[in-house]
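Undergrad: Pasting a structure here, questions to come.
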Amino acid sequence: MTTIPRRVWLEIDLGRLISNYRKIREAVAPAEVLAVLKANAYGLGVLPIACALSDAGVTQFGVAEPYEAIQLLPLKGTVQILSSILPEEIAPMVESDVVLPVTDLESAKRISEEAVKQGKRGVVHFKIDTGMGRLGILMRDAESVIRKAHSLPGLDCQGIFSHFPSAYDTDSLLTQSQVHDFCKLLDLLAQSGITFSKRHIANSDAINNFPCAYQAPFNVIRTGINLHGSFDTAGHRALRLDPILTLKTRLTAIRDLPAGTGIGYGHTCVLKRDTRVGVISAGYADGLPLALSNKGYMLIRGVPCPVLGRISMDYTVVSLKKLAAAQIGDEVICLGGEGEQAIHVEEWARLKGTHPYEIICSFGNRVERRYQNA
Ligand SMILES: Cc1ncc(COP(=O)(O)O)c(C=O)c1O
């Protein structure tokens, strides 16, 4: 079958991904870096991202659930589920040597029983809820649950970890108290001889805002969004990282429209004067936030072309007032680019009233992922 060039593509710069990884590794050393690659590496395509990181020396990968874990098994290193495990998922995960979270005594017992049945010990990390309020062993129960689980025959209790809900806020008292409580728990357990070779709490926010979260007793950090050169919009940036994404499409039509023409659904833009417009081949199905309607801009031949009217599913209309030289087929940068004109993930997030994670995870299925500078 003939290969049809795609209209919309996302260029993912693996060279920059690796340089971001090295900057993070240097900043948190001697702590090790665990790459968080859940949700298909935040939608970017897990295998190319994981292979590039693996080639650069990453040996620990974190995911949200078993389907994601299985995809990473061919890599060198450990694959770890960071969230929770359902009873029926335990057997195949133990069989595949995936590192599992212990979120309560029941899950610890189930994993141990299964591991004994398989003639091995299941490697686990205790997940402690120090304040995230989502999953994990509550602080008040942690000591007793861990003591009991520690004596189970089928567990290799390698690690212990927790997660921050608001480490983007440099002054967050909650984050400070989470670190304090976690360290107190480690001390308490150590007094009765229970120690862990992997201890982790920091996400990207904490790397930038809370050095105490990657210094002793912590010796691993978990990062996702910083690898992509993006940051939580609310947080301070300590690291100088480079964005790795450029979303591109093509100009599919150039039209001279008379004053008074309404543009797109709802006619949210009515032209005040005769205007040359361009129709670009990308819309909200490709991940362009509807919030760019009448607000955002696209770069054509390096010139910012403002969005006119409402973004539709497949197309977006832009003004070509400042770009007489535009030609049908011109490459259009929807997101990314270099220098002052560059359009950042954080800017789209601000316009949409969301965070960069949602922007990165929202590129559509028909958007081809193209990997560069491997
Ligand atoms: C448990 C856990 N650790 C680490 C991360 C990585 O977060 P970030 O992408 O902010 O570094 C996540 C992502 O949400 C997570 O759920």
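Undergrad: Need pairs with beta-carbon distance below 7 Å; first residue closer than 14 Å to Leu44 by Cβ and within the stretch 222-240, second within 9 Å of the ligand (Cβ to nearest atom) and open to solvent by 30 Å² or more (accessible area, probe 1.4 Å); sequence gap 6+ or separate chains.
TA: Close Cβ pairs satisfying both conditions: Ile225/Tyr357.
Undergrad: Residue by residue through the stretch 54-69, note down the ones that are over 16 Å from Ala39 (Cα atoms) and in contact with a Leu (Cβ under 7 Å, 6 or more places away or on another chain).
TA: If we filter the stretch 54-69 for residues that are over 16 Å from Ala39 (Cα atoms), which is where we start, we get 54-60.
Correct list: Ser54, Gln60.
Undergrad: Kindly indicate which of Pro306, Pro289, Pro258 is open to solvent by 60 Å² or more (accessible area, probe 1.4 Å), in contact with a Phe, Trp or Tyr (Cβ under 9 Å, 6 or more places away or on another chain) and not charged (D, E, K, R). It would help to see each step written out before you state the result.
TA: Details: Pro289 fails: open to solvent by 60 Å² or more (accessible area, probe 1.4 Å); Pro258 fails: in contact with a Phe, Trp or Tyr (Cβ under 9 Å, 6 or more places away or on another chain).
Answer to the check: Pro306.
Undergrad: Test Leu135 against the criterion of being at pLDDT 95 or above, open to solvent by 50 Å² or more (accessible area, probe 1.4 Å) and within 30 Å of Ser362 (Cβ to Cβ), and give yes or no.
TA: Numbers: at pLDDT 95 or above: yes; open to solvent by 50 Å² or more (accessible area, probe 1.4 Å): yes; within 30 Å of Ser362 (Cβ to Cβ): yes.
Yes.
Undergrad: Considering the stretch 240-255 alone, what residues qualify as being crowded, with 17+ Cβ neighbours inside 10 Å and either at pLDDT below 95 or more than 15 Å from the ligand (Cβ to nearest atom) (or both)?
TA: Taking the stretch 240-255 as the starting set, the residues that turn out to be crowded, with 17+ Cβ neighbours inside 10 Å are 241, 243-252.
Passing the criteria: Thr246, Leu247, Lys248, Thr249, Arg250, Leu251, Thr252.
Undergrad: Now a separate question. Pick from Ile90, Ile85, Ile70: which is among the hydrophobic types (A, V, I, L, M, F, W, C), closer than 17 Å to Glu114 by Cβ and within 14 Å of the ligand (Cβ to nearest atom)? Let's see the steps before the verdict.
TA: Working: Ile90 fails: within 14 Å of the ligand (Cβ to nearest atom); Ile70 fails: within 14 Å of the ligand (Cβ to nearest atom).
Result: Ile85 is the single residue among Ile90, Ile85, Ile70 that is among the hydrophobic types (A, V, I, L, M, F, W, C), closer than 17 Å to Glu114 by Cβ and within 14 Å of the ligand (Cβ to nearest atom).
Undergrad: Also, quick follow-up: Counting only residues that are of a type outside the set (A, V, I, L, M, F, W, C) and under 18 Å from Gly329 (Cβ atoms), which one in the stretch 261-282 is most open to solvent (accessible area, probe 1.4 Å)?
TA: Quick first cut of the stretch 261-282, residues of a type outside the set (A, V, I, L, M, F, W, C) only: 261-262, 264-268, 272-276, 278, 281.
Still in the list and also under 18 Å from Gly329 (Cβ atoms): 276, 278, 281.
Working: Arg276: 92, Gly278: 0, Ser281: 7 Å².
Of everything passing the filter in the stretch 261-282, Arg276 is most open to solvent (accessible area, probe 1.4 Å).
Undergrad: While we're here: Just checking, which of Arg350, Arg366 is over 22 Å from Ala41 (Cβ atoms), charged (D, E, K, R) and under 23 Å from the mean Cα position of the chain (by Cα)? Walk me through it before giving the result.
TA: On the way: Arg366 fails: over 22 Å from Ala41 (Cβ atoms).
Going through Arg350, Arg366 in turn, just one is over 22 Å from Ala41 (Cβ atoms), charged (D, E, K, R) and under 23 Å from the mean Cα position of the chain (by Cα): Arg350.
Undergrad: Looking at the stretch 58-90, which of the residues that are in a loop (DSSP other than H, G, I, E, B) and either without any contact (Cβ under 8 Å) to a residue 12 or more places away in the chain or of a type in the set (A, V, I, L, M, F, W, C) (or both) is farthest from Arg369 (Cα to Cα)?
TA: The first filter runs over the stretch 58-90 and keeps only residues in a loop (DSSP other than H, G, I, E, B), leaving 58-59, 64-65, 73-77, 82-86.
So of that shortlist, the ones also either without any contact (Cβ under 8 Å) to a residue 12 or more places away in the chain or of a type in the set (A, V, I, L, M, F, W, C) (or both) come out as 58, 64, 73-75, 82, 85-86.
Working: Val58: 22, Ala64: 22, Leu73: 22, Pro74: 21, Leu75: 21, Leu82: 26, Ile85: 30, Leu86: 32 Å.
Only one residue fits best here, namely Leu86.
Undergrad: Counting only residues that are surrounded by 18 or more Cβ atoms within 10 Å (Cβ to Cβ) and out of contact with any strand residue (DSSP E or B) (no Cβ under 7 Å at 6 or more places or on another chain), how many does the stretch 168-184 have? Don't jump to the end; show me each part of the working.
TA: Applying the first criterion (surrounded by 18 or more Cβ atoms within 10 Å (Cβ to Cβ)) to the stretch 168-184 yields 168-169, 172, 175, 178-179, 182.
Right, trim to out of contact with any strand residue (DSSP E or B) (no Cβ under 7 Å at 6 or more places or on another chain) and you get 168-169, 172, 175, 178-179.
Qualifying residue count, the stretch 168-184: 6.
Undergrad: A further question follows. Determine which member of the set Phe231, Phe196 is open to solvent by less than 20 Å² (accessible area, probe 1.4 Å), assigned to a loop (DSSP other than H, G, I, E, B), modelled with pLDDT of 95 or more and aromatic (Phe, Trp, Tyr).
TA: Details: Phe231 fails: modelled with pLDDT of 95 or more.
Selected residue: Phe196, the only one of Phe231, Phe196 that is open to solvent by less than 20 Å² (accessible area, probe 1.4 Å), assigned to a loop (DSSP other than H, G, I, E, B), modelled with pLDDT of 95 or more and aromatic (Phe, Trp, Tyr).
Undergrad: Additional query: Only residues that are of a type in the set (D, E, K, R) and touching a His at 6+ places or on another chain (Cβ under 7 Å): list them for the stretch 211-240, please.
TA: Within the stretch 211-240, Arg222, Asp232 qualify.
Undergrad: To continue, here is another question. Checking Arg222 against (1) under 11 Å from Ala31 (Cβ atoms); (2) near the ligand (Cβ under 9 Å from one of its atoms); (3) not in a strand (DSSP E or B): exactly one of these is not met. Which one?
TA: With (1) under 11 Å from Ala31 (Cβ atoms); (2) near the ligand (Cβ under 9 Å from one of its atoms); (3) not in a strand (DSSP E or B) applied to Arg222, the lone miss is (3).
The values are calculated or read from the model by the stated rules, or taken from the named source; none is laboratory data. All values derive from a computational prediction rather than experimental measurement. Neighbour counts run over all protein chains shown; Cβ positions are idealised from the backbone, glycine included. For accessibility, only protein heavy atoms count, side chains too; no ligands or nucleic acids. Shrake-Rupley method; radii C 1.70, N 1.55, O 1.52, S 1.80 Å.
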